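Beneath this line is the structure, given in structure tokens, with notes to follow.
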Amino acid sequence: MTPLERELVAMIAQNGPISLETFMALALGHPRHGYYMAREPFGAAGDFVTAPEISQMFGELVGLWAAEMWTRMGRPDPVRLVELGPGRGALMADALRAARAMPGFREAIGVELVETSPALRARQRERLAASGVEPVWRDRLEDVAAGPAIVIANEFFDALPVRHYVRAADGWRERMVGLGGDDALAFGLAPYVEPKIGLAAPEGAIMEVSLVAQGVAATLGRRLAEQGGAALIVDYGYAHGAFGETLQALRAHAYVDPLKSVGEADVTAHVDFGALTRAAREAGAAVYGPIGQGELLLRLGLVPRAERLGRDADEAGRASLVAAMNRLAGTGAGEMGALFKAIAVAHPALGPPPAFEPAGETA
Ligand code: SAH
């Protein structure tokens, strides 16, 4: 048993089962033993690899997107460049380097990083020290300084906790984490039916919802609609919800039981882009997409960017650029181009952001 598993078992023995949402929030964010709190889970040696860790091109293209957005916003100074869940800081470092191409942008930027993990904050500080900007760290999006903002989130929303409701014979019951016969963590159902869910579905159907993710999308949409700006959200997920669950735990690049290795495996759920879109729209913002990550990167100039970098590279370097391009934008098995999707959230007056223009009008 991991230390966190022991702590949860004791807590449940004392107070009864906890919701899946609470379980996931603690598995990732427990102040001492949470997955993101003490360790650095990324990279080939870690549990998973993210797009900005695969190639500098990802962050560079996002930086160009931000620079173009800034001119469309009327070049506000100052402008907040905000990243939600910046991991090791690779995306922001690459984006800031690319942003130099837009005169005046770098000077106008105040970087704000929304990050709960002290270990990752330290890593981000190191990584960004070389870029000559002094970031400010925030616990929550709500704490970011007021004013026009450009917000980036890559693989952030998939780390926000979900709830499951399971259709039992007599109605919908919330999925709980309790104790099994051997006093280990085990899934169960709430003793009471949720009277407010009237949805018809066959027995055994599962409904997965992230009220936390919807809450962040609403906060983001409200802020952008009231104070100006745009956000780019990239994650693995689906456009239209269906019944079913997508909870998964990853450790050393392999799937594990989410109730084992608690605090030592990354627990995520696929992002419901439809739900994020509705929440941000209801809050007053315009939402575009989803489009595939491959489409996003190709429209932002992935191929010319790779060609440019390839000119200064040797043969091995060029081969790795091609491999990175395929991994990021390809749509085959193991490639991220279609599995990962992007939406843009923006002040309604700005119109569709770069890469989200209707087909035929692409810049
Ligand atoms: N964007 C990075 C890292 C993705 S991992 C990349 O693409 O490589 C998820 C990130 O979100 C981590 O930095 C994690 O610490 C952070 N995070 C997870 N839940 C969070 C929360 N509720 N509030 C703020 N940050 C959170």
Any residue in segment 170-182 that is within 16 Å of the ligand (Cβ to nearest atom) and open to solvent by 30 Å² or more (accessible area, probe 1.4 Å)? no
Given (1) surrounded by 18 or more Cβ atoms within 10 Å (Cβ to Cβ); (2) within 18 Å of the chain's Cα centre (by Cα); (3) of a type outside the set (Lys, Arg), GLY274 misses just (1)
Filtering segment 197-208 for residues that are charged (D, E, K, R) and either within 21 Å of PRO161 (Cα to Cα) or open to solvent by less than 40 Å² (accessible area, probe 1.4 Å) (or both) leaves a count of 1
Report task. Report yes if GLU134 is part of a helix (DSSP H, G or I) and at negative phi, otherwise no. Result -> no
Condition set within 16 Å of the ligand (Cβ to nearest atom) and among the hydroxyl-bearing types (Ser, Thr, Tyr), scope segment 47-104, selection nearest to PRO304 (Cα to Cα): answer is SER55
A careful count of residues in segment 10-24 that are surrounded by fewer than 18 Cβ atoms within 10 Å (Cβ to Cβ) and within 14 Å of the ligand (Cβ to nearest atom) gives 1
Restricted to segment 25-46 and to residues being among the small types (Gly, Ala, Ser) and open to solvent by 40 Å² or more (accessible area, probe 1.4 Å), the residue nearest to the ligand (Cβ to nearest atom) is ALA25
Among strands (runs of 3 or more DSSP E) entirely within segment 249-298, at least 1 residues that are among the polar types (S, T, N, Q) occur in 266-268
Within segment 115-137, of all residues that are without any contact (Cβ under 8 Å) to a residue 40 or more places away in the chain and near the ligand (Cβ under 9 Å from one of its atoms), the one most open to solvent (accessible area, probe 1.4 Å) is ARG121
Condition set more than 8 Å from the ligand (Cβ to nearest atom) and crowded, with 23+ Cβ neighbours inside 10 Å, scope segment 140-157, selection farthest from LEU81 (Cα to Cα): answer is PHE157
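The values are calculated or read from the model by the stated rules, or taken from the named source; none is laboratory data. Because the structure is predicted, anything quoted here is derived from the model rather than measured. Positions of Cβ are backbone-derived with ideal geometry, glycine not excepted, and every protein chain shown enters the neighbour counts. Accessible surface areas use protein heavy atoms only, side chains included; no ligands, DNA or RNA. Shrake-Rupley method; radii C 1.70, N 1.55, O 1.52, S 1.80 Å.
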